[in-house]
Amino acid sequence: MGEDNKKTEELLNKISIQLEKARIGDYVDLMQNPYRMIALNFFSGVARGFGIAFGFTILGAFVIYFLQKLVVLNLPIIGGFVAEVVKLVQLNIK
């Protein structure tokens, strides 16, 4: 019996350490405080929205820059299409 109790105690200690590493206590505290969870979700959503907007702006700027460089090359088919797109974008910017 003594050896079984010792193995059980060691197993419980290992499980306890794993639960502490997983921060289950913090998760339970968060679930018990709905206002804090709502605030965290709201601010993370706002940050995600700003990140998407910023990233899309940078990506759009690169695409417009690339299209302007294609217009300079005067490619026969692509050049006319790209020129129209660039003109439309510039008109909308102004």
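We did not get these values from a lab; they are worked out from the coordinates using the rules stated. Owing to the predicted nature of the structure, the values given are computational and were not obtained by experimental measurement. Methodologically, a virtual Cβ is constructed for each residue, glycine included, from the backbone with ideal geometry; neighbour enumeration extends over all protein chains shown.
Points to keep in mind about this one:
- A straight Cα-to-Cα reach below 23 Å connects K87 with the lysines K69, residues fewer than 8 places away in its own chain not being considered.
- Label-to-label distance for R36 and F54 is 2.7 nm, based on points extended 7 Å past Cα in the beta-carbon direction.
- Taking a straight line from the alpha carbon of K7, these lysines sit under 28 Å away, with near neighbours fewer than eight places off in the same chain left out: K21.
- Calculated from the structure at hand, semi-axes √(5λ) of the Cα gyration tensor in Å is found among (1) 61, 20, 7; (2) 30, 11, 9; (3) 21, 17, 12 as (1).
- Compared with the direct C-alpha span, the chain from E9 to K94 gains 23.3 nm at full extension, assuming 0.36 nm per residue.
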